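The values are calculated or read from the model by the stated rules, or taken from the named source; none is laboratory data. Quantities reported herein were computed from a predicted structural model and do not represent experimental measurements. Here the Cβ positions follow ideal geometry from the backbone for every residue, glycine too, while neighbour counts run over all protein chains shown. Accessible surface is based on the protein model in full, side chains and every heavy atom, while ligands, DNA and RNA are left aside. Shrake-Rupley method; radii C 1.70, N 1.55, O 1.52, S 1.80 Å.
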Amino acid sequence: MSATSAPARRATKDVRRAPRFPTLHRYLMVLKSGRGITALVLLGTLVALALLAPALFPGGYDEQSSGALAGPSAAHWLGTDEFGRDILVRTIYGLRTDLTLIITAVPVSLAIGTLLGLTGYLNGRLGLFVQRALDIVLGIPGLLLGIMIVLVIGAGWFALFSAIVIAGLPQFGRLARAGLLTQQDREYAVASRTLGVPRRTVMVRHILPNVVDPLLVTAAIYTVAAIFIEASLSIVGLGINPPQPSLGALLNTGARYVQTLPTYVIGPGVVLLLLALAFTLLSDALNKAANRR
Amino acid sequence: MIRYLVRKLPSVVLVLLVTSVIAFSLPRLVPGDPAALLAGPDASPQTIAAIRAELGLDQPYVTQYLHWMQGLFTGDLGTSLQYRRPVSELIGDRIGSTLELAVLAGLLLVVAGIGLGVAAGSSNRRWSRFLTEGTNTTMLAMPPFLAGLLLILVFGVALPVLPISGEVSVLSDPVIGIQYLILPAIALALPMAAGIARLVQTQMRSVQQEDFVDLATAKGVPSGRIYRRHVLRNSLGPAVVAIGIRFGDLLAGAVVIEAIFARNGIGQLAVTSAQASDYAVIQVVIVGTVFVAVMAQLLTEITLAALDPRIRLA
């Protein structure tokens, strides 16, 4: 992209006023902001690390060395844990656990929450009832919700998954309903109904695309909250079952050895912060791209 | 105000009722027979039936629920299966620890949140705005547990000036007790204070644009008085609402903070009970937490009306 091509680009801009995939095109704007690029590079690095973990560390997260709770060295950059396992390796495998969790749970929460929020268009009374139910979920602090779920299905991956899905429902549901309420009386929606298009089709084809922007931004913000839900539940000991590492589980045991081996907490803590930072920046960039229109 | 409270009563009761039903249903959602679980693997059917009768599990759910609710109102909170002690005793032993933490954190939340917000919203010097906004953004992104771990690393490990683990009751020994309390309370309060500060700041900025501020300036009101009487008072509304809403989060955050700082409070009780499937304890903790959160929100609305006479509690 040299300076000479700038006029040429400006000329083509007018021709391409209506790109073939307008929504996708708009979201590609994320790549044009500094925050968006930083977020994607950071996230890309973390995902690559997590994906490559089995290749980089073929021994897995359980490989033990001779010394337990050894300080940082050339062989073990962050030292070793109470069983002589490399903390850096466990941190990267923990990152893998966290990423799998949020990549599966947040979209499920987004999808179910959005559908729940849009039910009001199909049946007004049902919509109101769903909102009341969501209000009650919203009133319960996230960690307490997690404890309740652990109580019913037991601690572990699925409890974390459910906690993240359920805690997100009110946020997505209320947002989708707010969007629905502003969109359903717009001319295009009323016109489609008058033309005899079924409510369900109007909802999916016309209303949903118009409420999707704030939902995606919220999904990015909620991902940060999801990371913290995992960490909070794991720190109190109700998260992923050992020996599988997660960032929160590492902080849980690391906090016990903070006096002797500070890197045990610092390593997972920094990775957790970077992960949260990546999604915060991404939500900022998405927000900007969505509002550009 | 009494009329307002009476009008508000139905929705408060509804929330508490739904919460109590959820708390009551939790153990019944678990697959398997709790009586059989309690009796152990080799118990005879007679033993299991006896336990079931003793726990009242052979009665219809509605009767069980009413019985449980009656207990909650009369102070009979049930018996912990894990500790084999009355739940009221277990909670009584630990509530002091959590109260100390929550009260100090709540105070810090209000003072630091509003103080930082006012500092950022009223000063126009670039460096002070940069400083407050910088700290706000950093803390905003940091959940209580990370703030706690950071404080432990800085004030417990790098410069060991404060204790980072355990507790001493403030009532029995104020000087030592406050030392144990200060890091957990800061960790719990600061991230939320950052959110409150940001609200106050943006609100103050927009209130400063209002006509009545210009009018006051034109009248010759000293600028300090304008800030105190006109800007500040009109800026605190959203912050008060946010503090009320976040109070439940403060209690939930206390659970994690207690775990990190090895404090033996209600949060730790809830966690160990969840690990041991000790339902009797958890049910009470859930209902109690939601009760406190609802009360905090009621208090918020009363405070809001006191701040702004245009809001009538009728």
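By the equivalent-ellipsoid construction on the alpha carbon gyration tensor, the range B:1-84 comes out with semi-axes of 34, 12, 11 Å, ordered largest to smallest.
Report the trypsin sites (Lys or Arg not before Pro) located in the range A:160-265 that are in a DSSP loop and have at most 13 other Cβ atoms inside 10 Å of their Cβ, or state none.
Details: sites: A:Arg174, A:Arg177, A:Arg186, A:Arg193, A:Arg199, A:Arg200, A:Arg205, A:Arg256; in loops: A:Arg186.
Within the range A:160-265, the qualifying trypsin sites (Lys or Arg not before Pro) (loop, at most 13 other Cβ atoms within 10 Å) are A:Arg186.
In the range B:88-266, the portion of solvent-accessible area held by carbon and sulfur atoms comes to 66 percent [1.4 Å probe, whole percent, DNA, RNA and ligands not counted].
Would you work out if chain A is rounded, prolate or oblate? Take a ≥ b ≥ c from the square roots of the eigenvalues of the alpha-carbon gyration tensor; rounded if a/c is under 1.5, else prolate when a/b is larger than b/c, oblate otherwise. The shape class here is oblate. Length gained on full extension, B:Ala119 to B:Ile95, computed as 0.36 nm times the residue gap minus the Cα-Cα distance: 5.1 nm. Our estimate of slack between B:Phe212 and B:Ala50, defined as 0.36 nm per intervening residue step minus the Cα-Cα distance, is 50.9 nm. Each of B:Thr303 and A:Thr194 was given a label point 7 Å from its Cα along the Cα-to-Cβ line. The distance between the two points is 5.1 nm. Indicate the gyration tensor shape class of the range A:232-291 (rounded, prolate or oblate), computed on the Cα atoms with a ≥ b ≥ c the square roots of the eigenvalues: a/c under 1.5 is rounded; otherwise a/b larger than b/c is prolate and the rest oblate. In terms of gyration-tensor shape, prolate.
Kindly give Rg over Rh for the range B:158-245, based on alpha-carbon atoms, with the Kirkwood expression for the hydrodynamic radius. All intermediate terms of the calculation are to be shown ahead of the outcome.
Working: Rg = 19.8 Å, Rh = 16.1 Å.
So for the range B:158-245, dividing Rg by the Kirkwood Rh gives 1.23.
Interface size, chains A and B: roughly 2700 Å² of accessible area buried, both sides included, 1.4 Å probe, rounded to the nearest 100. Take the convex hull of the alpha carbons in chain B; its mean projected area over all directions comes to 21.4 nm².
Using Cβ point charges alone (K and R +1, D and E -1), the dipole size of chain A about the Cα centre works out to roughly 1800 debye. Label-to-label distance for A:Leu69 and A:Val152 is 4.0 nm, based on points extended 7 Å past Cα in the beta-carbon direction. Per residue, the range B:88-266 exposes 47 Å² of solvent-accessible protein surface, assessed with a 1.4 angstrom probe and all protein chains in place.
How large, in percent, is the carbon and sulfur part of the accessible surface of chain A at a probe radius of 1.4 Å?
Numbers: 9430 of 14470 Å².
Of the solvent-accessible surface of chain A, carbon and sulfur hold 65 percent.
Take the range A:31-162 with all the other protein chains still there, run a 1.4 Å probe, and you get 47 Å² of accessible area per residue.
A cut-off of 5 Å between modelled amide H atoms, ignoring neighbours fewer than 5 places along the same chain, links B:Thr79 with B:Val87. Measuring heavy-atom accessible area with a 1.4 angstrom probe and counting protein chains only, the residues of the range A:241-269 that give up at least 40 Å² relative to the chain alone are A:Val258, A:Gln259. With θ taken as phi - 60° and the Karplus curve 6.51 cos²θ - 1.76 cosθ + 1.60 applied, the whole-hertz 3J(HN,Hα) list for the range A:152-166 is 7, 10, x, 5, x, 4, 5, 5, 4, 4, 5, 4, 5, 4, 5 Hz, x standing for glycine and proline. Of all the options A:Gly44, A:Gly113, A:Gly269, the one that moves most in a Gaussian network model of chain A with Cα springs shorter than 10 angstrom is A:Gly44. On a straight-distance basis, which aspartates and glutamates could pair with A:Lys32 in a cross-link, Cα separation under 19 angstrom, same-chain partners fewer than 8 positions away excluded? Within the straight-line limit of under 19 Å, A:Lys32 reaches these aspartates and glutamates: A:Asp14, A:Asp213, A:Asp284. Rounded to a whole number of µm²/s, how large is the Stokes-Einstein D of the protein assembly as shown at 4 °C and 1.567 mPa s, given Rh as the Kirkwood radius over C-alpha pairs? Estimated diffusion coefficient is 48 µm²/s.
Size descriptors for the range B:88-266 (Cα atoms only): Rg and Dmax, in that order, 18.9, 63 Å.
Note on B:Trp127/B:Asn264: beta-carbon distance plugged into 1/(1 + (r/R0)^6) with R0 of 51 Å gives a FRET efficiency of 0.70.
The trypsin sites (Lys or Arg not before Pro) of the range B:11-88 meeting both criteria, a DSSP state outside H, G, I, E and B (loop) and at most 15 other C-beta atoms within 10 angstrom of the site's C-beta, are B:Arg84.
Interface burial in the range B:150-170 reaches 50 Å² or more for B:Leu153, B:Val157, comparing the full protein assembly with the chain by itself; accessible area from heavy atoms with a 1.4 Å probe. For the range A:129-146, accessible area lost to neighbouring protein chains reaches 40 Å² or more, against the chain alone with a 1.4 Å probe, at A:Ile136, A:Pro141, A:Leu143, A:Leu144.
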